[in-house]
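First comes the structure, then the notes that go with it.
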Amino acid sequence: MEEYLNLVPARNEKVQLRKIEGKYYLLVPMESKLDFLARKLHGDYRRIELDEIGAYIWELCDGRRTIGEIGKALKARFGEEVEPLYERLVTFLLELRKRYLVEFKRAGDIF
């Protein structure tokens with residue numbers, strides 16, 4: 001777990017966070033020609049629903065904060081609700097990375 005704390009997650013700039021009818025969504029553009037049918041049915045974006053904690057994490061993934069710093073901000077805002085903190089945070093961020101929604105940099109690689 002320690003090896004993740006110094007990584008810096010950065011959002012995919014094409015993806016937008018929007019609050020729609022009281023719920024948070026990541027709007028992921030469907031740009032592939034293979035998404036033709038999905039675009040016809042659902043519009044230009046795929047929607048991924050997030051809870052308030054997930055939306056806050058997304059906002060903090062600015063390409064400057066480490067996972068350790070994001071964890072401290074989560075703990076300060078949500079308290080015990082986010083425990084086990086780093087296990088949940090790293091799992092969530094790895095899932096976002098798997099979907100190409102964030103990328104990780106090393107803390108020393110930030111410009």
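The values are calculated or read from the model by the stated rules, or taken from the named source; none is laboratory data. Small disclaimer: the values here were computed from a predicted structure and weren't measured. A quick note on method: Cβ atoms are made from the backbone with ideal geometry, for glycine too, and the neighbour counts reach across all protein chains shown.
Miscellaneous remarks
- Scope segment 65-111; condition among the aromatic types (F, W, Y) and in contact (Cβ under 8 Å) with a residue 24 or more places away in the chain; matching residues: F78, Y86, F92, Y100, F104
- Residues located in segment 15-43, provided they are over 12 Å from the mean Cα position of the chain (by Cα) and either assigned to a helix (DSSP H, G or I) or within 24 Å of A107 (Cβ to Cβ) (or both): K33, L34, D35, F36, L37, A38, R39, K40, L41, H42
- Single unsatisfied condition, Y45 versus (1) touching a Pro at 6+ places or on another chain (Cβ under 8 Å); (2) loosely packed, with under 13 Cβ neighbours inside 10 Å; (3) at pLDDT below 95: (2)
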